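Some notes on the structure that comes next.
The values are calculated or read from the model by the stated rules, or taken from the named source; none is laboratory data. The shown structure was predicted, so the numbers you read here are calculated from the model rather than taken from an experiment. Methodologically, a virtual Cβ is constructed for each residue, glycine included, from the backbone with ideal geometry; neighbour enumeration extends over all protein chains shown. In case anyone asks, the SASA skips ligands and DNA or RNA and just uses the protein heavy atoms, side chains included. Shrake-Rupley method; radii C 1.70, N 1.55, O 1.52, S 1.80 Å.
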Amino acid sequence: MAAAWRYADTVEGTILRVFADKDELLQACVAEALSPEHAVRELDAIDVSQPLPDRLAETAEALQAHMSRMGAIVGSLGHRGGKHPGTVRGAGRDESTTRIRAALVELLEPDRAALRRPPEQIAALFFGLLFIQPRTEDEPDLTPQELVEVFLHGALLGGAE
């Protein structure tokens with residue numbers, strides 16, 4: 001047991017040579033967990049030759065997973081909403097959002113001519129929809145495919161005017 005404590009003290013001493021204190025270490029861990037890098041890499045890996053609904057469904061899955069990871073980390077630290085808890089690799093929430101939306105614009109670009117609005121605006125709308133997807137007690141969450149279907153085709157049944 002004494003050896004384990006000496007090891008823990010050695011590890012702590014090594015870590016604290018890089019970070020000023022435990023709070024700074026925790027802040028670095030949170031920043032890494034909230035970083036958009038993983039989500040951007042996933043979006044960049046989506047095949048743009050796929051049909052738009054398939055690309056958007058993959059996008060929804062990747063971004064929902066990213067948001068779920070963020071929620072789990074921030075929630076485990078007792079942060080329940082409000083101000084973003086810090087920088088994300090030197091960037092705040094706005095820059096992080098901008099980077100993810102830019103990757104989403106790239107996925108929309110091949111269909112620019114078919115879109116009613118510019119890809120930048122469509123990306124912002126889609127990204128916002130993912131964040132505010134309504135939850136009801138008696139209805140399950142929409143699947144990424146269902147979400148994309150409503151986003152692309154609206155709430156009206158086909159043929160309704």
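Once the chain from LEU156 to ARG117 is taken as fully extended at 0.36 nm per residue, the excess over their C-alpha distance is 12.1 nm.
Could you order peptides 107-115, 58-66, 17-25 by the average number of other Cβ atoms within 10 Å of their residues, highest first?
Numbers: 107-115: 13.9, 58-66: 19.4, 17-25: 10.8.
Put in order of decreasing packing, that is 58-66, 107-115, 17-25.
For region 150-155, the Karplus equation 6.51 cos²θ - 1.76 cosθ + 1.60, evaluated at θ = phi - 60°, returns couplings of 5, 4, 7, 10, x, 8 Hz by residue, with Gly and Pro reported as x.
Taking all protein chains together and a 1.4 Å probe, the residues HIS153, HIS38 rank HIS153, HIS38 from largest to smallest accessible area. If the chain linking GLU37 and ARG93 were pulled fully straight, counting 0.36 nm for each residue of separation and taking away their Cα-Cα distance, it would gain 18.9 nm.
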